[in-house]
Amino acid sequence: MAKLLALFLLLLTLASTVSSEVTHEGVLQERLIKKTQKSRYGPGSLRSSQCPGECTRRCAETQYHKPCMFFCQKCCRKCLCVPPGYYGNKQVCSCYNNWKTKRGGPKCP
């Protein structure tokens, strides 16, 4: 009877260890996904060499392509981020959102 109880406790301990390792691995994977998604567009998420490509994407649907590209690349070099989409979403990159012209308007497209 004592051997059976010891075996049961051993199996229970082993099962909880495996379960906690799987849970721990899942938590680590979740954190990595969140970190990757968060840093994809946030401040400092780009290198300056990536700015032309990101600005081409950002300015693709505007009729003012040249000024959009000029200011987008200027903002990208300073902030090292470009918001997702073609318009808006500036809250994702605070530097890009908060840089203003002398008149107080938005500097970054």
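The numbers here are math on the coordinates, done by the rules we state, and not lab data. Values in this document were obtained by computation on a predicted structure and should not be read as measured data. As a convention, Cβ positions derive from the backbone with ideal geometry for all residues, glycine included, and neighbour counts pool all protein chains shown.
Numbers for the structure displayed
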| quantity | calculated |
| --- | --- |
| Count - residues of the stretch 44-78 that are assigned to a helix (DSSP H, G or I), closer than 15 Å to TYR96 by Cα and not charged (D, E, K, R) | 11 |
| Positions within the stretch 76-106 being among the charged types (D, E, K, R), under 25 Å from SER49 (Cβ atoms) and over 17 Å from the mean Cα position of the chain (by Cα), in sequence order | ARG77, LYS78 |
| Inter-residue pairs, beta-carbon under 7 Å, first outside any loop (DSSP other than H, G, I, E, B) and in the stretch 87-109, second exposed (fewer than 13 other Cβ atoms within 10 Å of the Cβ), 6+ apart | ASN97/GLN91; PRO106/LYS100 |
